[in-house]
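The values are calculated or read from the model by the stated rules, or taken from the named source; none is laboratory data. The structure displayed is predicted, hence computed values, not measured ones. Side chains are part of the model used for accessible areas, which takes the heavy atoms of the whole protein and leaves out ligands, DNA and RNA. Shrake-Rupley method; radii C 1.70, N 1.55, O 1.52, S 1.80 Å.
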Amino acid sequence: MINLVQKYKKIVEEAMMKQFKYKSIMQVPRIEKICINYGCGDATKDSKLIELAANEIKAITGQKPVFTKAKNSIAAFKLREGQKIGVKVTLQKEKMWNFIENLINVALPRVRDFRGIPTTSFDGRGNYTLGIKEQIIFTEVNFDEIKRVRGFDITFVTSTNKDFEALALLTAIGLPFMKKVS
């Protein structure tokens, strides 16, 4: 973790200062937090699946998740108001950096036919959402305990409001974005 934080402070701040001509280091964008959302639609049929999802997220992030509950009842989906339908985690500080390092160095290289992550998932406010299709790319997940392969969303929340600055920040940190083919 120390290596990644030092890399961020030294290389990223200097590169961003030169690229965007900031006058102060305080203007350099930074990652504020990472939000992980793990929806579990099957939980309406089997309530044990939501507990398994919570255990998987806890193993991946090292932090206890919070359950998300349904806001409305929908009869067609057999969903009742207040029923647990997912889990979420917000990572900050040291746990955030440990997760980033694990994602970049261990998990993403394990994705089959990996050519980089797309640059099209910015929200217009400087935040980036990455969809993971299989939780088994993380080494912390015990393969024998998995009932079903599922995906989840990882959202990088940055301090900038501009997508191009956030892209430069995430690229400098080491996220492997797809190369544009010309």
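A 1.4 Å probe run over the protein chains yields, for the range 111-157, 62 Å² of accessible area per residue, whole-number rounding. For Thr68, the residues 5 or more places off, or on other chains, whose built amide H falls under 5 Å of its own are Ile85, Gly86, Val87, Lys88. Could you tell me which of the pairs Lys64/Lys133; Lys69/Lys133; Lys64/Lys147; Lys18/Lys58 are separated by over 29 angstrom between their Cα atoms in the structure shown? Check vs 29 Å cut-off fails for Lys18/Lys58.
Here the accessible area is traced with a 1.4 Å probe on the protein chains. For the chain, carbon and sulfur cover 51 percent of it.
Measuring how big the range 27-81 is from its alpha-carbon positions, Rg and Dmax come out at 15.0, 50 Å. Extents of the chain, taken as max minus min of Cα coordinates on every principal axis and listed largest first, are 55, 37, 34 Å. Taking a straight Cα-Cα cut-off under 14 Å and skipping sequence neighbours fewer than 8 places away in the same chain, the aspartates and glutamates within cross-link reach of Lys95 are Glu32.
Our coupling estimate for the range 64-69, obtained by passing each phi through the Karplus curve with A = 6.51, B = -1.76, C = 1.60 and θ = phi - 60°, is 5, x, 10, 7, 9, 10 Hz, Gly and Pro reported as x.
For the range 99-114, 3J(HN,Hα) computed residue by residue from phi via the Karplus equation (6.51, -1.76, 1.60; θ = phi - 60°) reads 5, 4, 4, 5, 4, 6, 8, 10, 6, 4, x, 8, 6, 5, 6, 7 Hz, glycine and proline entered as x.
Residues in the range 134-141 carry Karplus couplings, in order, of 9, 6, 6, 6, 8, 6, 6, 7 Hz; the curve used is 6.51 cos²θ - 1.76 cosθ + 1.60 with θ = phi - 60°, and Gly or Pro positions show x. When the Debye formula is applied to the Cα atoms of the range 77-182, each taken as the same point scatterer, what base-10 log of I(q)/I(0) results at q = 0.11, 0.15, 0.19 Å⁻¹? Result of the Debye calculation: -0.43, -0.76, -1.12. Here, the range 33-132 is characterised by an Rg to Rh ratio of 1.02, where Rg is the alpha-carbon radius of gyration and Rh the Kirkwood radius.
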